[in-house]
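Engineer: This is the structure I have questions about; it appears just below.
The values are calculated or read from the model by the stated rules, or taken from the named source; none is laboratory data. Since we're looking at a predicted model, the values are computed, not measured. Cβ placement follows ideal geometry from the backbone for every residue including glycine, while neighbour counts extend to all protein chains displayed. Calculation scope for accessible area: heavy atoms of the full protein, side chains included, ligands and nucleic acids excluded. Shrake-Rupley method; radii C 1.70, N 1.55, O 1.52, S 1.80 Å.
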Amino acid sequence: MAPVRNAKVIFNEIPTGYPEPGKTTVYDASSTIDLETVPLNGGVLVKVLYLSADPYMRGKMRDASIVSYSPAYAIGKPVYGFGVGKIVRSESEQFKAGDIVHTPLLEYAEYSIQTHLQYLDKVNPEPGLSLSVYVGALGMPGKTAYFAWKEFSKAKKGETVFVSGAAGPVGTFVLQLAKSSGLKVIGSAGTEEKVSLVKDLGADVAFNYKTTDTEEVLKSEGPIDIYWDNVGGSTLDAALGNAAFHSRFIECGMISGYNNKEGVHMKNLMNIVARRISMNGFIQSDLSSTWSTEFNRLVPKKLVSGEIKFTEDISKGLEKAGDALLEVQTGKNNGKKVVLVAED
Ligand SMILES: NC(=O)c1ccc[n+]([C@@H]2O[C@H](COP(=O)([O-])OP(=O)(O)OC[C@H]3O[C@@H](n4cnc5c(N)ncnc54)[C@H](OP(=O)(O)O)[C@@H]3O)[C@@H](O)[C@H]2O)c1
């Protein structure tokens, strides 16, 4: 068989602010691959179907000398992240051609050779759900919400939770878990459309943090017993200022600081002491061994039945991937941002 195109999205330059498609990430359609003869070194050849565009990927676009929880991308090499693909050829007994697989290490490319087979999971597609859900509500963002809510919230009926970034895949999942536990839910998001979604999903109070003062909302609707933090910065400070005694802060992400190095002046840190606040930062994989069995047993059915709702925002074509990575940073995405590379 003649070689076929293997387009890729290359990490080209470290961004100083937001990632810039065409500059810091570059779509390159010049490579080819011979699907029958390319060496696999004991691994598998995967045809890429769906790629996840996630906020944390901005943190990997850094100087490799800066240590963080996830390795930096290498300049000149493809960006990679969570994704779903189909095995074309396998040199491993664990996998065969046609298997659908999921991995956190899928290259932003049309085809990817995977040799770290310990990270490759076989997917048994849940009838009634698209494969894209395995990078969203049934994938890393859904697990983030479920695992950390179960681990840290200590939620009690009648309590009040504030969820920032409430319209994204993590936030929407959290707010539904909170509602189903009988909590009053306050959710913030950055557009009117997102605010409507947050209301439709059951939030008691939903507001646009760009046009409404978070501090004022929390003052009138709080104090808050639980804060699910997706954004950090001044929103976190407002939550600290309106926290109940013995409240729990679940520190999931701080996207307000991902694209700038300016810190914010925090006025309410002393409340951590005075109000006996517990703060738990986490990375979802830390909690997998405790919660993934329960997640896999319960959540797929809840998604199929509609008991837990999710929204997706799909960009079609690998050439759109650079824009997709930018959109999750700027808030242009409406729902889980997924890049559809190939249908099958
Ligand atoms: N700890 C973990 O293991 C883990 C795992 C997954 C995700 N996370 C974190 O969870 C958070 C949500 O992830 P997601 O996948 O659900 O993302 P997402 O909602 O799909 O996308 C990120 C959203 O952040 C909002 N945003 C951007 N800049 C902001 C700013 N300056 N202030 C406030 N909001 C801002 C935007 O929505 P608006 O239009 O509403 O501004 C954007 O759509 C992120 O911080 C992510 O890093 C953590």
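Engineer: Give me the distance between the Cα centres of segment 89-117 and segment 232-272, rounded to whole Å.
Structural biologist: 40 Å
Engineer: Heavy-atom accessible area of residue 297 with all protein chains present, probe 1.4 Å, nearest 10 Å²?
Structural biologist: Looks like 140 Å² after rounding.
Engineer: I would also like to ask the following. How high is the relative contact order of segment 101-242, in percent, counting Cα pairs under 8 Å that sit 6 or more residues apart?
Structural biologist: Working: 201 pairs, mean separation 27.6, N = 142.
So the answer I get is 19 percent.
Engineer: Ok, one more. Ignoring ligands, DNA and RNA, what accessible area per residue does the chain give at 1.4 Å, in Å²?
Structural biologist: Details: 15540 Å² over 344 residues.
The answer is 45 Å² per residue.
Engineer: Using a 10 angstrom Cβ neighbour count of at most 16 plus a DSSP loop assignment to flag exposed GluC sites (Glu not before Pro), which longest range of the chain is free of such sites? Can you show the working numbers first?
Structural biologist: On the way: sites that count: 13, 36, 91, 93, 262, 307, 343.
Counting at most 16 other Cβ atoms within 10 Å as exposed, the longest clean stretch of the chain is 94-261.
Engineer: Could I ask something else about it? Summing -39500 (n - 2.57) over the DSSP H runs of n ≥ 4 in the chain and dividing by its residue number, what mean residue ellipticity at 222 nm do you reach, to the nearest 500 deg cm²/dmol?
Structural biologist: Values: 8 runs with 83 residues, N = 344.
Taking each H run of at least 4 residues, the total per residue is -7000 deg cm²/dmol.
Engineer: Scale the Cα Rg of the chain by the rule-of-thumb value 2.2 N^0.38 Å and send over the ratio, two decimals. Let's see the in-between values first.
Structural biologist: Details: Rg = 20.6 Å, N = 344, 2.2 N^0.38 = 20.2 Å.
Dividing the Cα Rg of the chain by 2.2 N^0.38 Å gives 1.02.
Engineer: Exceeding 27 Å between C-alpha atoms, which entries from my cross-link table qualify? They are 122/199; 86/337; 219/301; 210/336; 77/301; 150/267. Let's see the in-between values first.
Structural biologist: Details: 122/199 36 Å; 86/337 20 Å; 219/301 38 Å; 210/336 21 Å; 77/301 38 Å; 150/267 30 Å.
122/199; 219/301; 77/301; 150/267, as the Cα separations exceed 27 Å there.
Engineer: Between segment 181-216 and segment 118-179, how many Å separate their Cα centres?
Structural biologist: Cα centroid to Cα centroid, the span is 18 Å.
Engineer: Give the shape of segment 140-285 as rounded, prolate or oblate, defined through the alpha-carbon gyration tensor: a ≥ b ≥ c are the square roots of its eigenvalues, a/c under 1.5 means rounded, and otherwise the shape is prolate if a/b is larger than b/c and oblate if not.
Structural biologist: Working: a/c = 1.17, a/b = 1.08, b/c = 1.09.
Here segment 140-285 falls in the rounded category.
Engineer: Taking 8 Å as the Cα distance limit and 6 or more residues as the minimum spacing, I'd like the relative contact order of segment 33-143 as a percentage.
Structural biologist: Values: 195 pairs, mean separation 34.7, N = 111.
Relative contact order of segment 33-143: 31 percent.
Engineer: Still on this model: Roughly what percent of Cα-Cα pairs across segment 1-140 reach past 22 Å? Numbers along the way, then the final one.
Structural biologist: Details: 4034 of 9730 pairs.
In whole percent, the long-distance tail amounts to 41.
Engineer: Let me ask something else about it. For a quick check of understanding: with a 1.4 angstrom probe and all protein chains in place, what accessible area in square angstrom does residue 34 have, to the nearest ten?
Structural biologist: 40 Å²
Engineer: Express the carbon and sulfur contribution to the solvent-accessible surface of the chain as a percent, rounded to the nearest whole number, probe 1.4 angstrom. Numbers along the way, then the final one.
Structural biologist: Details: 8060 of 15540 Å².
Taking all protein chains in place, the chain shows 52 percent carbon and sulfur surface.
Engineer: Please find the FRET efficiency linking residue 97 to residue 298, where r is the Cβ-Cβ separation and R0 is fixed at 30 Å, and quote it to the nearest 0.05.
Structural biologist: After rounding, the FRET efficiency stands at 0.40.
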